[in-house]
């Protein structure tokens, strides 16, 4: 697969300048069929990231998610580290995977949950503070109360 800059160069040379596929291919060191492919391509095809099944992590993902969510309700000092989670998985759940696998999953999951929490936060609005009554206003309010509710 060629870099984006190389694809742009091929398109420019063939479509704008009218160079032949063979001449552009010779200059770039690629096959003329490759030049033809990229010159006539409408859009640059982006590969989607490959999703792999994880037979080792799938059984323990709900456990890790539960622990991570529990830790969100605790002080940071009392959060479990990825290493501690890995040790607990090995000890209590007979986990056979590697520490690196657990660490990567925990890191990614914490980042995702943090983004969700930031999006869910309500913006704080401040309301103007009501000013205290001046001495004259207090006397006036007292007088009005007496007029309305005589003793």
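The values are calculated or read from the model by the stated rules, or taken from the named source; none is laboratory data. Source: prediction; values computed, not measured. Neighbour counts are summed over all protein chains in view; Cβ atoms, including those assigned to glycine, are modelled from backbone coordinates with ideal geometry.
Go through the range 80-95 and count every residue that is surrounded by 15 or more Cβ atoms within 10 Å (Cβ to Cβ) and in a loop (DSSP other than H, G, I, E, B). Count: 2. Across the range 2-14, the number of residues qualifying as part of a loop (DSSP other than H, G, I, E, B) and surrounded by fewer than 10 Cβ atoms within 10 Å (Cβ to Cβ) comes to 1.
Beta carbons closer than 7 Å, at least 6 apart along the sequence or on distinct chains, pair a first residue in the range 38-56 that is farther than 28 Å from residue 20 by Cβ with a second that is loosely packed, with under 11 Cβ neighbours inside 10 Å and modelled with pLDDT of 80 or more for 56/96. Out of contact with any strand residue (DSSP E or B) (no Cβ under 6 Å at 6 or more places or on another chain), surrounded by fewer than 16 Cβ atoms within 10 Å (Cβ to Cβ) and within 30 Å of residue 105 (Cα to Cα) - does that describe any residue in the range 24-45? Yes, the conditions are met somewhere in the range 24-45.
Checked against the criterion of being within 30 Å of residue 90 (Cβ to Cβ) and part of a helix (DSSP H, G or I), the range 39-61 contains one or more residues that satisfy it.
Condition check ((1) within 30 Å of residue 9 (Cα to Cα); (2) modelled with pLDDT of 90 or more) across all residues:
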{"position": "35", "(1), (2)": "yes, yes"}
{"position": "42", "(1), (2)": "yes, no"}
{"position": "46", "(1), (2)": "yes, no"}
{"position": "52", "(1), (2)": "no, no"}
{"position": "66", "(1), (2)": "no, yes"}
{"position": "75", "(1), (2)": "no, yes"}
{"position": "88", "(1), (2)": "no, yes"}
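Taken together, 17, 66 contain a single residue that is exposed (fewer than 15 other Cβ atoms within 10 Å of the Cβ) and either touching a helix residue (DSSP H, G or I) at 6+ places or on another chain (Cβ under 8 Å) or closer than 30 Å to residue 108 by Cα (or both), which is 66.
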